[in-house]
Amino acid sequence: MPQNAYAEEMTVNLTPVNGRFGFTFAPGSEFTIGHIAKHGPMGQDGQLQVGDKITTIDGKPPSESLGSRASMSTSTRDVEFVVIRPPPVASNR
C-alpha cells in the first residue's frame, strides 16, 4: 500500500511486560500490526489497531530496532512507536 494511502500518523509510548508488547505482524506485511493481544501492553493501552503500520521504534526503522531484539526484550522502559493508520474503509451500505 503506498504511504500516501494512510490517513493518520501517531506516536505511542509503551512499556513491555516480560519483554513483550503483545502484538504480532500480519503475515507477509512490512511491519503492519496483524494481531494485538487483549491483555498485553498494546491491547491494554488501546491506541494502536490491527492494520496500523509501524514506521519507527525509538526513532529507528523497525528493521533496525527488531534486529536488536535482545536489547528490547530486556527493556523495562517506555519504547516509542510511530505508526501510520490506514483510512477507514468506505461502506457500501
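Give the residues of region 2-37 that are farther than 17 Å from Ile84 by Cα and either polar (S, T, N, Q) or touching a helix residue (DSSP H, G or I) at 6+ places or on another chain (Cβ under 8 Å) (or both), sorted by residue number. Hits for region 2-37 are Thr15, Pro16, Val17, Asn18, Gly19, Arg20, Phe21, Gly22, Ala37.
Scanning region 10-67 for residues being open to solvent by 60 Å² or more (accessible area, probe 1.4 Å) and in a strand (DSSP E or B) gives a total of 8. Selection of first residues in region 21-36 that are touching a residue at least 40 places away in the same chain (Cβ under 8 Å) and of second residues that are open to solvent by 40 Å² or more (accessible area, probe 1.4 Å) and among the β-branched types (Val, Ile, Thr), restricted to Cβ pairs under 8 Å at least 6 apart or on distinct chains, gives the following pairs, ordered by first then second residue: Ile33/Thr24; Ile33/Val50.
The values are calculated or read from the model by the stated rules, or taken from the named source; none is laboratory data. No experiment lies behind these values; they were computed from the predicted model shown. Neighbour counts run over all protein chains shown; Cβ positions are idealised from the backbone, glycine included. Ligands, DNA and RNA are stripped out before the accessible areas are found, and what is left, the full protein with its side chains, is counted by its heavy atoms. Shrake-Rupley method; radii C 1.70, N 1.55, O 1.52, S 1.80 Å.
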